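In what follows, a single structure is set out as structure tokens and then discussed.
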Amino acid sequence: YTDLTAGRHTFEVRATDRAGNVGEAARYSWTVDQTAPETAIGARPADPTNSRAASFGLAGSDNHSADDALSFQCRLDSELESDWTDCSSPAEYADLAAGKRTFEVRAIDEAGNVDDSPDSYAWTVDLTAPGTTITAGPADPTNDTSASLAFTGSDNLDELSQLRYQCRLDTADYGPCSSPAEYLDLAEGSHTFQVRALDRADNTGEAASYTWTVDVTAPGAEITDAPADPSKDSTASLVFTATDNHDALERLSFQCRLDSALESDYGDCSSPQRLELLGEGPHTFDVRAIDRAGNVGHAASYSWTVDVSAPESAIGDRPSDPSNSSSASFGLGGSDGHDTPAQLRFQ
């Protein structure tokens, strides 16, 4: 028989002997199936993935064969017909190299019809972790108790917008974050910020780290040597120092002013501070220390008087002239522009 149509067919044959006896017919039924099955991939790896293993669920459907009667052929990363091999569900692969992968599967029914449109799945095995860079952070040290830290990432496959980030401050756990990461009400002391990038394959990069110190304690200034009070010298040299909770003395800076209450009259200075051509009268010298965080301490102050005018002398009680006494008593007095008579000495 030729050119049989697709579908169910039944063939019968019976024998007749020479006596004319007709035997019961022998019968055979079969199906002509020329329709290829359909193939579908079920479970599959994520795309991209950082797993070097892959597992695929295989499924198919056919017009005649039951689903569980279908067989499958698979191939990986090939277009060669010779690379199709028998496989079953789940089709599993291990130790895959990084890069683009393509899996194909075709179903074969009981009649031997092969799906001529295999199902395929392409995915990427990504084993390279992204990198992270902190691009901006607070000054170190700083007297600001808030902080804003900007960062960015890079990856071999993902665009910047596809990366995710996790941040933590000091000993806290990592949590989702975005740039810039903002923090408020930070305690005084050292702080460490860490951020790491995660790509779509869930590769986690090494953390980028930034450490800085929050310093809100102002340094204290002290004047250790100053002119006498009063002084007849119109020049003066004042020595000062300071202490701070974080900075050493050589890291502190100083501002000084003379005879002023104006903030604007402070100017940079260093110890010892020499003053010249001082006018007669009272003077007040102020000095304050500034640490690297920008904290400005309370001023240390010293006041003294420059007195360059000599006092006037006067004789009060005295012996008469002439006198018949062999002894004499004199009352001494004087006046000065700054000292009281009781503060004067006599020679």
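The values are calculated or read from the model by the stated rules, or taken from the named source; none is laboratory data. Worth saying up front: this structure is predicted, and the values here are computed from it rather than measured. Reconstructed Cβ throughout: ideal geometry from the backbone, glycine too, with neighbour counts over all protein chains shown. With ligands, DNA and RNA removed, areas are computed over all heavy atoms of the protein, side chains included. Shrake-Rupley method; radii C 1.70, N 1.55, O 1.52, S 1.80 Å.
Of the GluC sites (Glu not before Pro) in region 145-199, the ones in a loop by DSSP (not H, G, I, E or B) with at most 16 other beta carbons within 10 Å are Glu159, Glu188. Which of these, Val105, Val216, Val13, has the largest mean-square fluctuation under a Gaussian network model of the chain (Cα springs below 10 Å)? Fluctuation is largest for Val13. In this label model, Thr16 and Ala248 are separated by 12.5 nm, measuring between points 7 Å along each Cα→Cβ vector. Computed from backbone phi, the HN-Hα couplings of region 226-241 come to 8, x, 5, 10, x, 9, 8, 9, 7, 10, 8, 10, 10, 9, 9, 8 Hz, rounded to whole numbers (Karplus: 6.51 cos²θ - 1.76 cosθ + 1.60, θ = phi - 60°; Gly and Pro given as x).
The residues of the chain expose on average 60 square angstrom of accessible surface per residue, using a 1.4 Å probe on protein heavy atoms. If R0 is taken as 41 Å, the Cβ-Cβ distance between Gln34 and Ser161 corresponds to a FRET efficiency of 0.20. Within the assembled protein chains, the solvent-accessible surface assigned to Ser327 is about 80 Å², based on a 1.4 Å probe. Computing FRET efficiency as 1/(1 + (r/R0)^6) for Leu332 and Ala139, where r is the C-beta to C-beta distance and R0 is 56 Å, gives about 0.25. When the chain is treated as a Gaussian network with alpha carbon springs shorter than 10 Å, the biggest mean-square fluctuation among Arg288, Arg200, Arg101 belongs to Arg101. Averaging the sequence gap over all C-alpha pairs within less than 8 Å and six or more residues apart, then dividing by the number of residues, gives the chain a relative contact order of 11 percent.
Labels on offer are [x] -0.59, -0.75, -0.82, -1.01; [y] -0.72, -0.86, -0.92, -1.08; [z] -0.25, -0.45, -0.56, -0.96, and the one holding log10 I(q)/I(0) by the Debye sum over Cα atoms at q = 0.06, 0.08, 0.09, 0.12 Å⁻¹ computed from this structure is [x].
Spin-label pair Gln347-Asp317: with each label point 7 Å from Cα along the Cα-Cβ axis, the two points sit 2.6 nm from one another. Applying 1/(1 + (r/R0)^6) with R0 = 51 Å to the Cβ-Cβ distance of Thr85 and Glu188 gives a FRET efficiency near 0.15. Residues Tyr28, Tyr1, Tyr266, sorted by accessible area with the largest first, give Tyr1, Tyr28, Tyr266 [1.4 Å probe; ligands and nucleic acids excluded].
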